[in-house]
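The values are calculated or read from the model by the stated rules, or taken from the named source; none is laboratory data. Here the structure is a predicted model, which means the values were calculated and not measured. Here Cβ is always computed from backbone atoms with ideal geometry, including for glycine, and neighbour counts include all displayed protein chains. Side chains are part of the model used for accessible areas, which takes the heavy atoms of the whole protein and leaves out ligands, DNA and RNA. Shrake-Rupley method; radii C 1.70, N 1.55, O 1.52, S 1.80 Å.
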Amino acid sequence: MSKLYGEWAFIWEALTPDDAYCDEALLYWSLLNDGRTTAIQSLVELGSGGGYLAQHLDQPKHLILIDQSEVMLALSKKRNPSAVHLCADMCHADYGHRADAVLIHDAIMYLTSREAVAACLRNAIRQLNPKGRILIVPDLLKETFFENIVSGEGQIQERHVHLTEWRWKPEMDGNAFKVAFSALMRHAEAVQSLFEVHEMAYLSYLEWLELFNELGLRVHQIDFMRYELPRELFLLSLQE
């Protein structure tokens, strides 16, 4: 398990303002409910992390948050005390009942092959209500990838933290890319550091569409005059 999602998970608390995902959550909730005769009653978020997005959803009756990190789930429980939290892999998690909606945010980038993404979606489809929807929000597509460095800093209790994220593409073909995380934490006069390189992956727009078609998923057209999208996303339902 990555230390950034384990013993250093506190760093995300310091770097994430309470309202960081408010607008996104409202958008995604609106999209998932658009055109439905009844509002969503059960929603599953795969790769929910610290629950920063889920806390801003107009929470349904059944909210299930799934992540591989017990530490991240512990952080999420503070924000989403009424939600069910499950520590499980996105590709094999058993929700316990059929959901009206499945949301997969940027955690989808950690599935490093087309096969893994397909396995994740098959698992979601298996536990989706017939009229349910799936919303996938990848960080980027193959067409929109660019090398980038971003930094952020913050404070939690008496710990000051700084995180730099450097994304780049290795000199080889394929869908994989690297993200290097460099973190500094200062408590009083003591300074600690952490460096990790994570492997992630992307698909092209056409690869996504081909995969959806193979799995029997229909892509919804989104009214761009009504919704201002922060990034590429896919709103899906089962083909009739």
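Measuring with a 1.4 Å probe in the full set of protein chains, what accessible area per residue, in whole Å², belongs to the chain?
Here the residues of the chain average 52 Å² of exposed surface.
Shape call for the stretch 190-229 from the C-alpha gyration tensor, a ≥ b ≥ c root eigenvalues: rounded (a/c under 1.5), prolate (a/b greater than b/c) or oblate?
Verdict is oblate for the stretch 190-229.
What does the net charge come to around Pro60 if you take all other residues with beta carbon closer than 14 Å to its beta carbon, with K and R at +1 and D and E at -1?
With Lys, Arg at +1 and Asp, Glu at -1, the net is +1.
If the reach is capped at under 19 angstrom between alpha carbons, list the lysines near Lys131, excluding any in the same chain fewer than eight residues apart.
Lys131 reaches Lys61.
Around Ile104, with a cut-off of 14 angstrom between Cβ atoms, what is the net charge of the other residues, counting Lys and Arg +1 and Asp and Glu -1? Can you show the working numbers first?
Details: positive: Arg122, Arg133, Arg231; negative: Glu24, Glu45, Asp67, Asp89, Asp106, Asp139, Glu232.
Taking every other residue near Ile104 into account, the sum is -4.
First compute the accessible area of the stretch 15-158 with a 1.4 Å probe, then give the percent of it belonging to carbon and sulfur atoms. All intermediate terms of the calculation are to be shown ahead of the outcome.
Details: 3320 of 6700 Å².
Result for the stretch 15-158: 50 percent of the exposed heavy-atom area is carbon or sulfur.
For the chain, what number results from the quotient of the Cα radius of gyration and 2.2 N^0.38 Å?
1.02
Build a GNM of the chain with springs between Cα atoms under 10 Å: which of Gln68, Gln157, Gln221 gets the top mean-square fluctuation?
Checking each option, the largest mean-square fluctuation is seen for Gln157.
Using a Förster distance of 45 angstrom, determine the FRET efficiency expected from the C-beta separation of Gln157 and Glu240, and round it to 0.05.
The computed FRET efficiency comes out at 0.30.
Sequence neighbours fewer than 8 away in the same chain don't count; with that in mind, list the aspartates and glutamates whose C-alpha is under 16 Å from Lys178.
List returned: Asp106, Asp139, Glu147, Glu165, Glu196, Glu199.
Could you compute the FRET efficiency for Ala74 and Arg186, with r as their C-beta to C-beta distance and R0 at 22 Å, rounded to 0.05?
With a Förster radius of 22 Å, E is 0.40.
For the stretch 98-140, rounded, prolate or oblate, judged on the Cα gyration tensor with a ≥ b ≥ c (square roots of eigenvalues), a/c < 1.5 rounded, else prolate if a/b > b/c?
On the way: a/c = 3.19, a/b = 1.59, b/c = 2.01.
Oblate, because a/c is 1.5 or more while a/b does not exceed b/c.
Measuring from centroid to centroid over Cα atoms, what is the spacing of the stretch 100-114 and the stretch 181-240 in Å?
Taking the Cα centre of each part, the stretch 100-114 and the stretch 181-240 sit 7 Å apart.
Need the list of aspartates and glutamates near Lys142 for cross-linking: C-alpha distance under 13 angstrom, and skip anything on the same chain fewer than eight residues off.
Qualifying aspartates and glutamates at Cα under 13 Å: Asp173, Glu207, Glu232.
Calculated from DSSP H runs of 4 or more alone, at -39500 (n - 2.57) each and per residue, what is the 222 nm mean residue ellipticity of the chain, nearest 500?
-6500 deg cm²/dmol
Set the Förster radius R0 to 25 Å, insert the Cβ-Cβ distance between Ala176 and Glu147 as r into 1/(1 + (r/R0)^6), and round the FRET efficiency to 0.05.
In this case the efficiency is close to 0.95.
Using the Cα centre of the chain as the reference point, and only Cβ charges (+1 on K/R, -1 on D/E), how large is the resulting charge dipole? Debye, rounded to the nearest 20.
That gives a dipole near 640 debye.
With a ≥ b ≥ c the root eigenvalues of the C-alpha gyration tensor of the stretch 68-202, is it rounded (a/c under 1.5), prolate (a/b larger than b/c) or oblate? It would help to have the intermediate numbers written out before the result.
On the way: a/c = 2.64, a/b = 1.30, b/c = 2.03.
It is oblate, given that a/c is not under 1.5 and a/b is not larger than b/c.
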